[in-house]
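Take a look at the structure set out below.
The values are calculated or read from the model by the stated rules, or taken from the named source; none is laboratory data. None of these values were measured; they are calculated from a predicted model. Cβ sites come from the backbone with ideal geometry, for glycine too, and all protein chains shown count toward neighbours. Ligands, DNA and RNA are stripped out before the accessible areas are found, and what is left, the full protein with its side chains, is counted by its heavy atoms. Shrake-Rupley method; radii C 1.70, N 1.55, O 1.52, S 1.80 Å.
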Amino acid sequence: MGQDDNGGNNIEMKKEFFGDLSFEVVILFIFGIFMLIFGTLLFRIHTGELPYTPDSTYGLFLVIVSLQIIALGRTPFGDIRRSWIVIIIGVCTTAAGMIACFIPGYLSDFVRILAGLMLFFGGISLLLQLFLADGKAKRWLAVPGVLRHLTLACALVYIISAILGIITLLPGIAEDTLTAAILLVYGVCIFYLSFCLHRTNTIYPQEEEKILSESAEKRTLLFSVAAIPLQVAIIIPVGFLLVLLGFLLVPVNLGMIPFSPDGQLGLLMVVMAIQMMALGETPAGECRRSWLLMVIGVVFAGAGIFSCVVPGITTGILTELIGFLNIAGGVILLLKRFGPVLLNRGKQGAENDPIPPVLKNLLIIQTILNFVSISFGASMFLPGIIPGMAIAGILVLNGILIFALASAVLKIDRMQSAEITG
């Protein structure tokens with residue numbers, strides 16, 4: 001009995017751990033991996049052993065930061081009300097990062113300066129808020145335990161952010177080896193911060209997204225509260241990514257602009273890893289977050305970050321992996337959705353309950369998405385057979401369907417909320 005009880009407690013602890021793992025903690029963890037990998041690679045980039053793509057590196061940085069802005073309203077300069085204007089700003093910075101990942105050479109200085117400004121002014125702003133605004137640091141330091149660690153972790157991250165901001169804004173001010181060492185220390189400090197934040201959320205539970213439950217105030221549309229679930233907030237950048245990529249592939253196929261497959265593949269892998277670790281969403285459907293899923297997410301994020309920083313080494317592997325995941329995921333989801341229906345069709349007495357219109361629309365959108373996913377996966381394996389323009393069309397259609405899916409999910413969520421409150 002004792003062993004069974006301990007086993008049950010361990011399982012329950014694992015469920016609670018991953019259930020309490022907030023989106024902010026996941027983003028910080030991915031960000032820490034990014035800095036550690038970039039810092040490690042920079043030593044070999046400095047010696048000329050490895051190639052380097054600064055555009056997709058800075059672009060990936062902007063996309064990761066923008067995801068936090070869109071999902072939580074947490075900017076590099078502090079927490080603000082997550083309104084529609086904030087989401088639009090986040091989408092714009094996401095677009096800049098994505099274009100830098102996909103199309104090298106056009107936004108090089110812009111994304112470098114934007115990333116540098118975020119790091120420098122963001123670090124200074126957050127440090128001042130920590131020690132001056134509302135006596136936050138003073139209150140935290142007065143409580144023994146994790147809050148003191150959180151204060152130290154925040155201070156370290158903010159100070160190093162400002163230092164890296166100066167290095168980014170003024171190229172050549174520091175040797176690459178020194179920059180690499182600072183990046184490694186920064187990565188460790190971000191891990192420290194993510195751990196402290198998770199422990200704080202566990203010990204002092206609070207609603208991470210109070211904004212979702214706030215009623216819309218009488219403000220203009222752009223400044224009203226964007227009361228959307230986290231799942232929908234993450235879907236929006238994914239749909240935007242695919243639509244933007246599809247449109248950019250048109251001039252790419254016409255030979256008008258260059259294209260970085262490594263930046264594309266790397267960004268897709270990192271976004272997929274964030275969805276896995278934050279929501280438990282995989283290409284084959286939603287899964288319970290577990291150690292295995294987290295490890296897979298870390299591997300995917302690491303591979304994507306490597307591809308963005310160092311081009312040409314993992315291109316073939318990631319192409320085949322993403323192609324396989326899209327095909328397998330589409331097939332598995334179709335079998336899950338229609339397999340039981342086909343098996344029960346021949347059984348006597350089997351009755352099909354009428355499906356509400358909103359759920360029927362959701363089912364149709366998901367089914368079309370699965371077929372489009374299979375088509376996109378096939379295009380990764382057959383680049384010479386499927387025309388480039390057809391691939392561009394598939395991506396645009398995929399993105400539009402994801403927006404339609406987000407709209408359907410939002411509608412269902414509002415209906416459920418209305419039923420509960422009613």
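Only one of (1) among the aliphatic types (A, V, I, L, M); (2) at pLDDT 75 or above; (3) over 16 Å from VAL409 (Cβ atoms) fails for ALA350. Which number is that?
The one condition ALA350 does not meet is (2).
When you go through (1) in contact with a Leu (Cβ under 9 Å, 6 or more places away or on another chain); (2) modelled with pLDDT of 90 or more one by one for MET277, which number turns out not to apply?
For MET277, the failing item is (2).
Going by what's in this entry, would ALA162 be described as at pLDDT 95 or above and open to solvent by less than 70 Å² (accessible area, probe 1.4 Å)?
yes
Let's see how each residue does on (1) touching an Asp or Glu at 6+ places or on another chain (Cβ under 9 Å); (2) hydrophobic (A, V, I, L, M, F, W, C); (3) open to solvent by 40 Å² or more (accessible area, probe 1.4 Å):
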residue: PRO237; (1), (2), (3): no, no, no
residue: LEU242; (1), (2), (3): no, yes, no
residue: MET256; (1), (2), (3): no, yes, yes
residue: ALA273; (1), (2), (3): no, yes, no
residue: ARG289; (1), (2), (3): no, no, no
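Report whether or not GLY59 is farther than 26 Å from ILE235 by Cα, open to solvent by less than 20 Å² (accessible area, probe 1.4 Å) and either assigned to a helix (DSSP H, G or I) or of a type in the set (Phe, Trp, Tyr) (or both).
Here the answer is no, as GLY59 does not meet what is asked.
Which of the numbered conditions does PRO340 fail, given that it passes all the others? Conditions: (1) part of a helix (DSSP H, G or I); (2) at pLDDT below 80; (3) open to solvent by less than 60 Å² (accessible area, probe 1.4 Å).
The failed condition is (3).
Determine whether PHE31 is at pLDDT below 95, under 22 Å from the mean Cα position of the chain (by Cα) and either surrounded by fewer than 22 Cβ atoms within 10 Å (Cβ to Cβ) or part of a helix (DSSP H, G or I) (or both).
Yes, satisfied.
In region 74-85, which residues are part of a loop (DSSP other than H, G, I, E, B) and either in contact (Cβ under 8 Å) with a residue 60 or more places away in the chain or crowded, with 16+ Cβ neighbours inside 10 Å (or both)?
PRO76, ARG81, ARG82
Open to solvent by less than 20 Å² (accessible area, probe 1.4 Å), under 18 Å from the mean Cα position of the chain (by Cα) and in contact (Cβ under 8 Å) with a residue 12 or more places away in the chain: does that describe GLY246?
no
What number of residues within region 299-337 satisfy the criterion of being modelled with pLDDT of 90 or more and open to solvent by 70 Å² or more (accessible area, probe 1.4 Å)?
The number of residues fulfilling the criteria is 5.
Report, by residue number, each residue of region 364-388 that is more than 16 Å from LEU325 (Cα to Cα), loosely packed, with under 14 Cβ neighbours inside 10 Å and at pLDDT below 85.
Result: PRO383, GLY384, ILE385, PRO387.
Tell me which residues, restricted to region 92-145, are touching a residue at least 12 places away in the same chain (Cβ under 8 Å), open to solvent by less than 70 Å² (accessible area, probe 1.4 Å) and outside any helix (DSSP H, G or I).
ILE103, PRO104, GLY105, LEU107, GLY145
Since LEU42 meets every condition but one in (1) free of Cβ contacts under 8 Å to residues at least 24 places away in the same chain; (2) more than 16 Å from the chain's Cα centre (by Cα), which condition does it not meet?
Only one criterion in (1) free of Cβ contacts under 8 Å to residues at least 24 places away in the same chain; (2) more than 16 Å from the chain's Cα centre (by Cα) is unmet by LEU42, namely (1).
Could you identify the single residue in ARG199, ARG148 that is open to solvent by 40 Å² or more (accessible area, probe 1.4 Å), more than 22 Å from PHE43 (Cβ to Cβ), among the basic types (Lys, Arg) and touching a His at 6+ places or on another chain (Cβ under 9 Å)?
ARG199
Can you give me the number of residues within region 284-298 that are part of a loop (DSSP other than H, G, I, E, B) and modelled with pLDDT of 90 or more?
Adding up the residues that qualify gives 0.
Test MET269 against the stated conditions and say whether it is at pLDDT below 90, under 26 Å from LEU41 (Cβ atoms) and in contact with a helix residue (DSSP H, G or I) (Cβ under 9 Å, 6 or more places away or on another chain).
no
Scan ILE69, ILE88 and give me the residue that is in a helix (DSSP H, G or I), modelled with pLDDT under 90 and open to solvent by 50 Å² or more (accessible area, probe 1.4 Å).
Step by step, each of ILE69, ILE88 is checked, and only ILE88 is in a helix (DSSP H, G or I), modelled with pLDDT under 90 and open to solvent by 50 Å² or more (accessible area, probe 1.4 Å).
When region 261-271 is examined, which residues are found to be touching a residue at least 60 places away in the same chain (Cβ under 8 Å) and either open to solvent by 10 Å² or more (accessible area, probe 1.4 Å) or on the phi > 0 side of the Ramachandran plot (or both)?
Matches in region 261-271: ASP262, GLN264, VAL271.
Would you mind telling me which numbered condition in (1) over 19 Å from VAL310 (Cβ atoms); (2) over 14 Å from the mean Cα position of the chain (by Cα); (3) assigned to a helix (DSSP H, G or I) LEU21 fails?
Unmet for LEU21, out of (1) over 19 Å from VAL310 (Cβ atoms); (2) over 14 Å from the mean Cα position of the chain (by Cα); (3) assigned to a helix (DSSP H, G or I): (3).
Against the conditions (1) touching a Lys or Arg at 6+ places or on another chain (Cβ under 8 Å); (2) closer than 24 Å to GLY266 by Cα, where does TRP140 fall short? Just the number, please.
(2)
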